[in-house]
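The values are calculated or read from the model by the stated rules, or taken from the named source; none is laboratory data. Because the structure is a prediction, the values reported are computed rather than measured. Neighbour counts run over all protein chains shown; Cβ positions are idealised from the backbone, glycine included.
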Amino acid sequence: MIRTIQVIDETQKFSVQDCEELGRFVQEQLLSTKRDRYWLDRILIRNDRLADYFGYWAARQKLDDNGRLTGLSAIIVLNGFYLKTLPQLKETLAHEYGHHWTLSYLMMEDNGAKFKLKSDRLPDDYYHLRGLNRAEYFVDYAQGWNQCDREVIAEDYRILFAPPPQTRHGMIPPLSLPSNEVKDWIQKLGQRLYFPSPEMPSPEMPTSLENPFTPLSGRIDQNDRFFNRDRELREIFDILNGGSGVELLGDRQMGKSSLLWQIHQKAETALRLKRRSLYLNLQLIHTETEFYEALCEQLGIATCRDFDFFRAIRNDRILLLLDEVEKMTWEGFTRNLRSQLRGLAEGENAPLRFVVATGTPLDRLFADSNADGMTSPFQGVCLRVELNPWDWQTVDQFITDRLAKTGIHFTPTERQTLWETSQGHPKRLMEGGFKLFNDKKRS
């Protein structure tokens, strides 16, 4: 049995689509398995105006008639009085799911005998890997939020496993960023063997009938699900290393956001001139003020703009990945912002280098600049890379790759039909493959 995460909004401030997006955020973008999602009864959005929390996680162990531990019942509460936007909800949810992932698996280990939630410190090997001093970190909040070991590991989970912009670690400083060893330790909590539970199969049990044609929407974050854009990646990094930015042009749902995310992940090793890689989805940003706030937050500097922003970053080197750049033509964004960004990107050793994802050629998108005899904001600082539909050979290879571990096969005729109906458009191909897979699973 697979339980859909229930999200209840008692504040009535958020839409049904927002609540569904929170559920998908956990399932598709955070580190989670079917088992820990099953243990989470619901996510509740409340309007606790008299409380000082942004969110909290609570859980109780479930016992059968013989007193044996069979599972958990957990809840995550988000305080809508402080969290007024979907990105803010996601940021806090990522932290609270860090509690859920780490503490739930520790509570379930060895039939619940190994770790007591209210009294036991986190395991010694975590303290050692994280460099925590037992004289300075505690089980509770007696010395403050920053000194509670549960909050440290929840922040570690968030910075390690949540996508931007949910990556600001609340304990830095004085702590450093969590290491790869810490990441591996947290990830392996969900891979340990547990006693058989009547409620759920083990989380790592092969599920050959799980539909592999996902996600049906949104960015692909998992490297093992990203497919066949190696040529474009090489071209993009060749351009960046040549001293120019990139205009990533393609139709909607062609995979631009997924490709931007791959650039973000590979920039550290693929760029000859080291730059900090920052990803901004402008779909979540509605005004010029919010743009500077989001950018400064990722840079770790106080919010500033215009010349103050230039002074703050002039000695920095940044790769700025802008998704949904069409938003910059909307009311709330001015030509001054675009002009400043252009100024910061000019020159071989400029503070900014861009990769801009768009469905409209940039010289047409910012026609207001051309109409007034001004230079388009990205003209001359970005070279175009087009993201085109896949050819038949790539479509066939994609289907084979997705079906490899399922035990289900698509016939040559079915593959040809998927090619003809999708014409190599990744989203349409994914939707067609998803439906056909489900039809075969039921037959």
request  = State all residues of region 50-67 that are more than 24 Å from the chain's Cα centre (by Cα) and not in a strand (DSSP E or B); if no residue qualifies, say none.
outcome  = L50, A51, D52, D64, D65, N66, G67
Identity of the residue in region 234-254, in contact with a Lys or Arg (Cβ under 7 Å, 6 or more places away or on another chain) and under 18 Å from L320 (Cα atoms), that ends up surrounded by the fewest Cβ atoms within 10 Å (Cβ to Cβ) = N241
ask   = For E268, which of the numbered conditions (1) without any contact (Cβ under 8 Å) to a residue 60 or more places away in the chain; (2) out of contact with any Ser or Thr (no Cβ under 9 Å at 6 or more places or on another chain) fails to hold?
value = (2)
task = For residues that are small (G, A, S) and at pLDDT below 90, scanning just region 86-134, find the one that is farthest from L72 (Cα to Cα).
result = S119
request  = Being surrounded by 17 or more Cβ atoms within 10 Å (Cβ to Cβ), under 23 Å from K34 (Cα atoms) and among the charged types (D, E, K, R) is the filter here, so list the residues in region 110-143 that pass it.
outcome  = none
message = If M328 meets every condition in (1) under 30 Å from R428 (Cα atoms); (2) under 17 Å from the mean Cα position of the chain (by Cα); (3) part of a helix (DSSP H, G or I) apart from one, which number is that one?
response = (2)
query = Do we find a residue being modelled with pLDDT of 70 or more, among the polar types (S, T, N, Q) and in the same structural domain as I318 (by TED's automatic domain parsing) anywhere in region 200-214?
reply = no
key: Complete set of residues in region 341-358 that are out of contact with any helix residue (DSSP H, G or I) (no Cβ under 7 Å at 6 or more places or on another chain), farther than 25 Å from D251 by Cβ and not acidic (D, E)   = R342, G343, A345, G347, N349
message = Can you report the number of residues in region 1-44 which are under 18 Å from the mean Cα position of the chain (by Cα) and of a type in the set (A, V, I, L, M, F, W, C)?
response = 7
note = By residue number, the members of region 100-142 that are free of Cβ contacts under 8 Å to residues at least 40 places away in the same chain, in a helix (DSSP H, G or I) and among the aromatic types (F, W, Y) are Y127
message = Would you confirm whether or not region 68-91 contains a residue that is in a helix (DSSP H, G or I) and either small (G, A, S) or more than 25 Å from the chain's Cα centre (by Cα) (or both)?
response = no
